[in-house]
1. Mind checking which residues of region 333-358 are within 14 Å of VAL321 (Cβ to Cβ) and surrounded by fewer than 17 Cβ atoms within 10 Å (Cβ to Cβ)?
2. Can you pull out the residues in region 435-460 that are of a type in the set (S, T, N, Q) and either in contact (Cβ under 8 Å) with a residue 40 or more places away in the chain or under 29 Å from ARG234 (Cβ atoms) (or both)?
3. Give region 206-215 a look and list any residue that's surrounded by 22 or more Cβ atoms within 10 Å (Cβ to Cβ) and part of a helix (DSSP H, G or I), or say none.
4. When you look at TYR444, is it modelled with pLDDT of 95 or more and within 22 Å of VAL321 (Cα to Cα), yes or no?
5. Within the bounds of region 237-244, is there any residue that is of a type outside the set (Gly, Ala, Ser), in a helix (DSSP H, G or I), outside the structural domain of ASN420 (by TED's automatic domain parsing) and in contact with a strand residue (DSSP E or B) (Cβ under 6 Å, 6 or more places away or on another chain)?
6. May I ask you to list pairs of residues, at least six apart or on different chains, whose Cβ atoms are under 9 Å apart, with the first in region 420-434 being charged (D, E, K, R) and the second being part of a helix (DSSP H, G or I)?
7. Could you tell me which residue of region 96-127 is farthest from GLN155 (Cα to Cα), considering only residues that are open to solvent by 40 Å² or more (accessible area, probe 1.4 Å) and over 33 Å from the mean Cα position of the chain (by Cα)?
8. Name, by its number, the condition in (1) open to solvent by 70 Å² or more (accessible area, probe 1.4 Å); (2) free of Cβ contacts under 8 Å to residues at least 12 places away in the same chain; (3) not charged (D, E, K, R) that does not hold for GLY203.
Amino acid sequence: MTSQVATRLVEFVEALRAKGVNAGPSETIDAGEVVRVLGMENRELLREGLAAALVRRGGQRDVFDQTFDLYFPAGVGRPESAREAEDMDVTQLRELLLMALLDRDPRTLAQIAEIAVDTLGQVGQPGTDTAGWSAYQTIDRLQPQTLIAAAMAMQGGGSGQGGHGLGTQFTDRLARDEIRRGVDAFREMVQSEARRRSAELRGRSLVAKHAVRNSQDRVDFLTANRQQLEELRRQVQPLARVLATRLSARRRRRRRGAIDMRRTLRRAMGTGGVPMRPVYEKPRPSRPELVLLCDVSGSVAGFSNFTMLLVQALSAQFSKVRVFAFVNAMAEVTEIVRDGAVSGGADIEPRIRQEARITKWHTSSDYGEAFLDFREFFLEAVGPRTAVLILGDARNNNQNPRFDALHEIAMRSRRTYWLNPEHHTRWGLGDSEALAYSEIVPMYECANVDQLTHFVTRLLPV
C-alpha cells in the first residue's frame with residue numbers, strides 16, 4: 001500500500017469518526033490490511049471489506065457508503081456519459097429516466113444521474129468559492145417523482161378501480177412500489193454524484209462534514225424529519241435488547257452489596273488491623289420503580305415519543321413503570337405507551353392527544369402548571385424506591401415555573417433526572433428555564449440516541 005493510499009485511508013477513517021462511526025487505531029489497522037489483501041482493482045469488493053473492518057453498529061452503513069464514495073470514487077472529473085449528452089435538455093432527460101425506471105436498470109439510472117447533475121445541478125460561478133453541484137436543484141428541475149404515474153400508465157397499470165379484480169390491484173400496487181423504489185434509488189444516485197463533483201472543487205473533508213448525513217444514533221431529535229423519526233421508532237426493540245443486557249450486567253455487579261465497615265474492622269483484628277478481607281452487607285436486589293414525566297408539545301414530542309417507547313421496552317428491568325404526559329396539564333398514559341410498544345413502536349402521539357387531557361385553556365408548554373397537577377393528583381406514584389425522569393426542553397413560555405412543586409417531587413423520590421433534548425448551549429436562552437431547573441434536579445443533554453444510550457447504561461438506577 002502506497003503512502004498516498006495510506007493517507008487517503010486515514011482521512012477516510014477520520015471522516016467516519018466525525019460522523020459517529022467508532023473507528024479507532026485498531027480498526028484503522030484492520031482497514032489497512034483489507035486494502036493490502038484486496039487491492040484497489042475491485043471497488044465494490046473493497047467497499048465490503050472496509051465496511052466489515054470499520055462498521056460496528058447498526059444504522060451506520062449509509063454513513064459509511066456516502067463517505068466511501070467521496071474518498072474512493074468510481075471516477076474523477078466530468079463523466080463520459082455527461083460529455084456524450086452535452087446538448088440534452090430536461091424533457092429528454094425525463095424521457096430517458098422514464099424508460100430506465102420501466103426497465104429497472106440501475107446502471108442506466110446511474111448514468112442518467114451523472115448527466116442530470118452535470119446538466120441541471122451546477123451552482124455558483126465557476127472558479128469561485130460558491131461553485132459546486134446541487135442535488136436539490138437537480139431533483140427540483142427534473143421532478144422524477146412525477147414520472148411514477150406515467151410509468152404505471154405505460155406498463156398497463158391502473159388505479160385499481162373500474163372492474164379490476166383483487167389480483168390486478170395487488171399487482172398494480174407491487175409495480176407502483178417498485179417504480180417508487182427506483183425513483184428513491186435515483187435520488188440517492190443524484191446526491192452521491194453531486195457530492196463527488198463538489199468534493200473535487202471544495203475538498204473531500206468539507207463536503208463529508210456538511211453533506212454526509214450523520215449516523216442514526218447522532219440524529220438530533222429536535223431536527224429529525226418524519227422519516228427519520230419513523231426509522232428511530234423501528235430501532236426501539238433492537239436498542240432495548242442491547243440496553244437490557246447492559247443494565248442486567250450492572251445489576252449483577254452490584255449484587256455484592258456495600259462494604260460492612262463494622263464487620264470488616266472486626267475481621268481485620270486477626271491481621272493486625274489491616275483489612276485484608278472486606279465483609280459485604282447482604283445485598284438487597286430489589287428493582288427500582290420508574291416514573292416518566294414527558295412533555296409532548298411541538299418538536300419535543302418526537303424525543304418524548306421515542307424515549308417512552310424505549311423505557312416501556314425496558315420495563316422488565318424495573319418493578320413498575322408509570323408514564324405521564326403533559327403540555328400544560330398532567331395525565332397518565334401508561335396503557336397507551338404499553339400498547340404502542342407491543343405494536344412494534346407505533347406513533348403514540350396521536351392517541352395521547354386524543355385520549356389524554358394534556359392541555360387546559362391553551363396549547364403551549366407550561367411546566368409549572370404540569371408539576372402542580374402532578375403534585376396534586378399523582379404524587380402517590382413517587383416513593384423512596386422511585387426514579388423520576390423528566391423529558392422536555394424546559395421552555396416554559398414565560399409562565400410561573402413553580403420550582404416548589406418540582407422540589408417536592410424530587411425530595412419524595414429516590415432519584416430525579418431531567419433529560420433535555422436541546423443542546424446545552426441554548427439552556428437559559430429566551431423562555432428556557434433549564435438552568436434554574438437544573439439547580440433543583442440534575443439535567444442531562446439528550447439530543448440524540450447516542451447520548452440517551454449513555455444515560456441509560458451509565459446513570460439510570462438499577
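The values are calculated or read from the model by the stated rules, or taken from the named source; none is laboratory data. Everything quoted here is computed from the prediction, not taken from an experiment. When we count neighbours, we look across all protein chains shown, and the Cβ atoms used for this are built from the backbone with ideal geometry, even at glycine. Remember, those area values only see protein heavy atoms, side chains included, never the ligands or the DNA or RNA. Shrake-Rupley method; radii C 1.70, N 1.55, O 1.52, S 1.80 Å.
1. GLU335, ASP339, VAL342 - these are the residues of region 333-358 that are within 14 Å of VAL321 (Cβ to Cβ) and surrounded by fewer than 17 Cβ atoms within 10 Å (Cβ to Cβ).
2. Within region 435-460, ASN448, GLN451, THR453, THR457 qualify.
3. Listed by number, the residues that qualify are VAL207, ALA208.
4. The answer is yes for TYR444.
5. Looking through region 237-244, none of the residues is of a type outside the set (Gly, Ala, Ser), in a helix (DSSP H, G or I), outside the structural domain of ASN420 (by TED's automatic domain parsing) and in contact with a strand residue (DSSP E or B) (Cβ under 6 Å, 6 or more places away or on another chain).
6. Between residues of region 420-434 that are charged (D, E, K, R) and residues that are part of a helix (DSSP H, G or I), the close pairs are GLU422/VAL300; GLU422/ALA434; ARG426/ALA434; GLU433/TYR367; GLU433/GLY368; GLU433/PHE403.
7. Taking the candidates together, the pick is GLY127.
8. The failed condition is (1).
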